[in-house]
Structure formats: structure tokens, C-alpha cells
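These notes are about the structure you will find just below.
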Amino acid sequence: MKFLQIQFNCKGTLKLALLSGTSLFLLTPSAKALPANNLEQFNSPQICPSAKLLPKRSFDTAKYSVYICRGDNQNALGYYVRISKTDNSKITVPVSSTTGETYIASKGEIAYAVTPYELQVIKNKRVVLKERVNNAIAGDGQPLAKGCPEGENIFGEAETKSFIVYICGSNLPSNYIAITRSGNRRIAVPLSSYNSKNAPEANQYIAINGDMRYVLTRKVLRISDNGQTIIKEKVLRWN
């Protein structure tokens, strides 16, 4: 099994810790283009530092609109632009590192991180702002966030320290989908069994892939390899 964990030092630089294991497989379903009117946010004037630097990514939260602008000779990785929806205040910070669809921008002791799933601001290694991303699209209109496969329903959505987990299916729960919160790696395993008939707090979903076993309840996520627990994380939020 592989997943990445983001850590920030006081200068806002990115550290990636790689844990190794076995037998996870990744799925990347095809994305469906969004209607043209969803591209209007990319055409708003004066978002990027220069008219030549068009936005290539857009992330929308309850309070902010965040854009990743194309780079130039001074900053090849581009620019992080965040605009407040309440007072239209704007910050622009050069992107310092990227991992998949995770973008990090550092300024002094503050690091700004955005993925297709959440927005974070870290100051002195402490998260001082966290918001869920409601919509994330590329410049060509393709959606960046991939939860349940197209046509399937979400029976549960859990957030832990390292993962965002979806229980998906058509008429009944049938798939365990997890996205690592750093690096946005996608893990998809068919459910082996589930119990959702009792009280909601007793719900349990089990997925098995070879020696890997994933058990999700409303309180905890447990991942074991050949019977040995390798990850145990509290469920921070359940929808």
C-alpha cells in the first residue's frame, strides 16, 4: 500500500512521507466535460498576475474562490490566487510545489494548500483554516474531484486524517472508494460486506483486496495487511 502524508515546516516547505505496503490498485475513471457556463470563472478579468497567465485550475469553497494560474519565467510552477467571497479581498502567492492535483504556495511562515477536495492554510505547522472544496475544475472544463463513479450514489462519506472515503453503489452499497488527502491517490475496492440496517452509529463497511482489509464505521477507519493493523484513524466527519 502506498500513500503520502503532507508535513510543513515553519518555512512552509513540503515534506512527503511515503509508507509502503501491498496490493492497492488505483482507478481513474473518465471525467465528463462540464457545460460551457461552468468555464465563466476562468474568463473573469484580472485574476492572475498578468493577462497572459490564464487560470489552469479553479477551486470553489463556501468562502473562497481559488485559482492556480499558469507560470512564467519568474515562477515556473505558477501562482496561487485566493479571492474572498465576502469582501473580494485577494492574495497572490507563487506556487512552491505540486504533487498530482495538490498545490502548495508558501509565504513566510504560512503555507496555502489546495486539492480538489479541500483548502487549507497552515501557519507554524498548525492548520488555521480548512474548508471543503465544493467544485474543482480544470481550464478545459474537466472535473478534478472524482468520488463515486458516474451513475452511482453516495451512501456515506467519511473524512479521516489521511483519507476521504466514499461508500458508493447503485441501489445498494457496493464499492469502497478512498482518496488520500495528500497526493489525491485513488483506492477502489469492492465491498465484501456491510451492515447498514441497524442504528446509523452501528453501520460497518468491509472491503477486502488480497491481504488488505478496509473496515469503515462512523467512528473509525481501520486498514490491515495480512491481519495486522497498519492504519487506524478516527472519523473526523461523516456525511
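So the values come out like this:
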{"quantity": "Matching residues in segment 172-200 - criterion: being at pLDDT 90 or above, assigned to a loop (DSSP other than H, G, I, E, B) and surrounded by fewer than 19 Cβ atoms within 10 Å (Cβ to Cβ)", "calculated": "Leu172, Ser174"}
{"quantity": "Selected residue [touching a helix residue (DSSP H, G or I) at 6+ places or on another chain (Cβ under 9 Å) and at pLDDT 90 or above] from Ile164, Ile137, Ile110", "calculated": "Ile137"}
{"quantity": "Residue within segment 147-157 that is in contact with a Lys or Arg (Cβ under 7 Å, 6 or more places away or on another chain) and either at pLDDT below 90 or within 21 Å of Thr102 (Cβ to Cβ) (or both) present", "calculated": "yes"}
{"quantity": "Residue match in segment 88-108 (condition: outside the structural domain of Asn184 (by TED's automatic domain parsing), under 19 Å from Asn239 (Cα atoms) and among the β-branched types (Val, Ile, Thr))", "calculated": "no"}
{"quantity": "Residue match in segment 123-134 (condition: in contact with a Cys (Cβ under 9 Å, 6 or more places away or on another chain) and touching a residue at least 60 places away in the same chain (Cβ under 8 Å))", "calculated": "yes"}
{"quantity": "Segment 119-130, residues that are under 13 Å from the mean Cα position of the chain (by Cα) and surrounded by fewer than 17 Cβ atoms within 10 Å (Cβ to Cβ)", "calculated": "Lys130"}
{"quantity": "Residues of segment 77-104 classified as farther than 16 Å from Asp60 by Cα and without any contact (Cβ under 8 Å) to a residue 40 or more places away in the chain, total", "calculated": "7"}
{"quantity": "Qualifying positions in segment 218-239 - at pLDDT below 95, under 16 Å from Glu159 (Cβ atoms) and either of a type in the set (S, T, N, Q) or surrounded by fewer than 16 Cβ atoms within 10 Å (Cβ to Cβ) (or both)", "calculated": "Arg218, Lys219, Leu236, Arg237, Asn239"}
{"quantity": "Number of the exception - Ile206 against (1) touching a residue at least 24 places away in the same chain (Cβ under 8 Å); (2) under 21 Å from Gly169 (Cα atoms)", "calculated": "(1)"}
{"quantity": "Count of segment 134-154 residues which are part of a loop (DSSP other than H, G, I, E, B), more than 22 Å from Lys85 (Cα to Cα) and in contact with a strand residue (DSSP E or B) (Cβ under 7 Å, 6 or more places away or on another chain)", "calculated": "5"}
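The values are calculated or read from the model by the stated rules, or taken from the named source; none is laboratory data. Just so we're clear, the structure is a prediction, and the values are computed from it rather than from any experiment. So basically every Cβ, Gly included, is an ideal-geometry build from the backbone, and we count neighbours across all protein chains shown.
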